[in-house]
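Here's the structure, in structure tokens; my notes come after.
Only the coordinates and a few stated rules stand behind these numbers; no lab work does. The structure displayed is predicted, hence computed values, not measured ones. In this analysis, Cβ positions are derived from the backbone assuming ideal geometry, glycine residues included, and neighbour counts consider all displayed protein chains.
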Amino acid sequence: MIEHPDEVVTLPVTGHCGCGQAWDTVTVSDELARQVLDLPKIRLHAVEYRAQVKVCPTCHHREQAAFPTHVPGQVQ
């Protein structure tokens, strides 16, 4: 079993004992554990790069920021 699980779900004893004692008033004396191990779902991580475009108000020259070299096209 995993020593430090990512999530712990406590399952309380509910209702009443056969003698009528309500279980929610009784102290827990022990806990039994079972674990379910699952692989996480693989998910696509999308990063969008937005190069700013500016136009000079004086000469109307249009300039844009450079994209990183590892982003040569619209979609990789």
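The local environment of ILE2, defined by Cβ-Cβ distances under 14 Å, has a net charge of -3 under the rule Lys, Arg +1 and Asp, Glu -1.
Viscosity 1.306 mPa s, temperature 10 °C: Stokes-Einstein D of region 14-70 from its Kirkwood Cα radius, in µm² per second?
This corresponds to a translational diffusion coefficient of 82 µm²/s.
Neighbours of GLN52, meaning other residues whose beta-carbon lies under 14 angstrom from its beta-carbon, give a summed charge of +1 when Lys and Arg score +1 and Asp and Glu score -1. Placing +1 on the Cβ of every Lys and Arg and -1 on the Cβ of every Asp and Glu, with nothing else charged, gives region 7-63 a dipole about its Cα centre of roughly 620 debye.
What's the ranking of 40-52, 60-72 by average number of surrounding C-beta atoms within 10 Å, highest first?
Working: 40-52: 6.5, 60-72: 8.8.
With the highest mean Cβ count within 10 Å placed first, the list reads 60-72, 40-52.
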